Amino acid sequence: MTNTAEYLTRMRRVRRGANPLVRRTDRLESRVFTLFVAVLLLLVPLSIWASVVTWGNQTALAEQQQAERATVTATLDTDPALDAAGWGDMTYATAMTAPATWKWQGIERHGVVQADDSAVAGDEVQVWVDRAGEQSLPPMSDGAARFAGVLAGVSLFAFAGVFATGAFVFARWRIDRARTDRWSREIEAFLGSTSSH
C-alpha cells in the first residue's frame, strides 16, 4: 500500500468480497475504516449544531450585556501611572491607569480606569458601567458572539477528528500486528520450521 488511493481501492475490494484471499483481519480493518469514515461524516452535522447553539447562546448574552451596560463620562482624579505586575522574580509593565470619579443617577462612584499616556488629572474618559453604576467590562460584541460560535464548531470537529484518527491508526496497528503474527504462524506451519530454510 503506497498511497491513499491504493488503500481505498483495497478497502472497496474487501467490502465487496471479490478477493478469495481476504482474511478475517482484512474484513475487520475494512469495518474499522468504514466506522472511521462514518464518525468523520457524523462530526460535520454535530459541529454545525454546536456552532449554531453556541452562536445563539453567545448572541443572547451579547444582547443582554449590551442592554445592561452603558458608558459614562468619568474624570481622572490624578495623572495616569504605569501599572507594574510581578510574576516570580520578573516585573513587567501593563497599562496606564488612574483613579477616576463619575456620577450614576446622582451618586458619585469611584474606580480605576485605563487612560492614555498623554492624559492628566481632570481629563475625561469613557467608562463602561453596569445597571448599578459599578465599573464593568465592555459588553460582548456581535462579532465576538459569531466568532465564539464558529470556534466551538471548528474545535469540536478538530478535537473529535484527531481522537477518531488516533483511534483508527491504533486499531490499524493492532490489526497489522495480528495479521503479521498469523502469517508467521501459518508460514511456520506450512514449511515446518523456518530455521532450516
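Of note:
- Residue-span extension gain [VAL52 to ASP117] - 0.36 nm each, minus C-alpha spacing: 19.2 nm
- Sparse-neighbourhood loop sites, GluC sites (Glu not before Pro) in the stretch 108-163 - DSSP loop, at most 16 other Cβ within 10 angstrom: GLU134
- Converting phi to 3J(HN,Hα) with the Karplus coefficients 6.51, -1.76 and 1.60 and the offset θ = phi - 60°, the stretch 73-78 yields 8, 10, 10, 5, 7, 9 Hz in sequence order, with x at every glycine or proline.
- Computed extension length for LEU28-ARG185: 54.6 nm, one decimal, from 0.36 nm per residue of separation with the Cα-Cα distance subtracted.
- Label zone at VAL154 (point 7 Å along Cα-to-Cβ), backbone N below 15 Å, the stretch 20-60: 47-48, 51-52, 55
- Cut-off under 5 Å, modelled amide H: who pairs with VAL113 long-range: ALA98, ALA100
- Environment charge of ARG174, counting only residues whose C-beta is closer than 12 Å and scoring Lys/Arg +1, Asp/Glu -1: 0
- Charged neighbours of ALA115, selected by a Cβ distance under 9 Å, balance to -4 (K, R count +1; D, E count -1).
- Karplus-based coupling profile of the stretch 153-158, in residue order and whole Hz: x, 5, 5, 4, 5, 5, with θ = phi - 60° in 6.51 cos²θ - 1.76 cosθ + 1.60 and x standing for Gly or Pro.
Bear in mind that the values in this text are calculations on the coordinates, not laboratory data. Everything numeric in this text was worked out from a predicted model, so none of it was measured. Every residue, glycine among them, receives a Cβ derived from its backbone with ideal geometry; neighbour counts consider all protein chains shown.
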